[in-house]
Structure formats: structure tokens, C-alpha cells
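Scroll down for the structure; my scribbles are underneath it.
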Amino acid sequence: MLTNFWNFQFIFIIFCWIPIVFSQEDEKNEQITLRIGSISSKENGKMLASIMDMAKKKMIEQGVLGKNFDIEVINVEGCGASFEGVAAAASLYHVQHIDAFFGPFCAKG
């Protein structure tokens with residue numbers, strides 16, 4: 001459980017830095033969509049999506065994210081058989097064309 005806590009803390013920190021990284025793009029007044037791929041177990045994927053959604057709403061509320069900046073999170077299950085996470089990552093990158101990865105968040109045992 002502690003590992004998941006630190007993973008979610010890391011995600012929140014990354015969400016706080018995203019507007020800084022893309023601040024130059026914002027000056028052009030174009031719509032910016034950051035596509036994030038998340039690889040996790042089915043249970044963690046639901047929780048992760050909720051946490052990311054809460055963080056996104058809070059940043060919009062506080063004015064950290066502008067109206068022209070959107071974050072799209074794509075969750076896939078990749079915590080099963082050997083190399084399942086690799087296949088999920090390849091699919092996210094080549095098929096979904098994501099910009100960043102999180103995970104895999106898989107518990108052993």
C-alpha cells in the first residue's frame with residue numbers, strides 16, 4: 001500500500017510541473033492536449049483515474065491549467081502474465097500515440 005501512496009504522490013507532482021513544461025506552447029493560444037498512458041492493474045487503474053481527475057479539476061479551479069490545456073489519461077491493464085506490461089506500453093505508444101507513461105503499478109505476490 002505504501003508503494004501505491006508514493007506512486008500517486010509522484011503523479012501529483014508531475015501534474016504540477018506539466019503547466020510549466022508547456023508554458024511556451026500556451027503563448028501561441030493553441031489547444032494543447034497532453035495524452036498520458038497509465039499501465040496498472042484493473043483495481044489500481046480505477047483509483048489512479050480518479051486521483052488524476054481530481055488533480056486536474058483542482059488545477060483548473062486554481063487557474064494552474066488554462067482553458068486551452070487539456071490532459072487525457074488512457075488507462076490500460078498490464079499486470080498479468082510476463083511481458084503484458086511491455087505489450088500495453090507498446091500499444092499505448094504506437095496505437096494511442098501518448099506523450100507520457102505512468103506505470104506499471106503492479107504489486108508482486
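The values are calculated or read from the model by the stated rules, or taken from the named source; none is laboratory data. Predicted model only: the values in this text are computed from it and were never measured. Here the Cβ is made from the backbone with ideal geometry for all residues, glycine too, and neighbour counts use every protein chain on show.
The table that follows gives values for the structure above.
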quantity	calculated
Matching entry among ILE39, ILE74 (being surrounded by fewer than 20 Cβ atoms within 10 Å (Cβ to Cβ) and in contact (Cβ under 8 Å) with a residue 24 or more places away in the chain)	ILE74
Qualifying residue in the stretch 56-69 (condition: closer than 17 Å to GLN96 by Cα and either surrounded by fewer than 15 Cβ atoms within 10 Å (Cβ to Cβ) or under 12 Å from the mean Cα position of the chain (by Cα) (or both))	no
Within the stretch 69-89, tally of residues that are touching an Asp or Glu at 6+ places or on another chain (Cβ under 8 Å) and closer than 11 Å to LEU34 by Cα	2
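Here's the yes/no breakdown for (1) at pLDDT below 80; (2) part of a strand (DSSP E or B); (3) in contact with a Ser or Thr (Cβ under 6 Å, 6 or more places away or on another chain); (4) of a type in the set (S, T, N, Q):
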residue: GLU43; (1), (2), (3), (4): yes, no, no, no
residue: LYS46; (1), (2), (3), (4): yes, no, no, no
residue: SER50; (1), (2), (3), (4): no, no, no, yes
residue: LYS57; (1), (2), (3), (4): no, no, no, no
residue: LYS67; (1), (2), (3), (4): yes, no, no, no
residue: ILE74; (1), (2), (3), (4): no, yes, no, no
residue: GLY80; (1), (2), (3), (4): yes, no, no, no
residue: VAL86; (1), (2), (3), (4): no, no, no, no
residue: SER91; (1), (2), (3), (4): no, no, no, yes
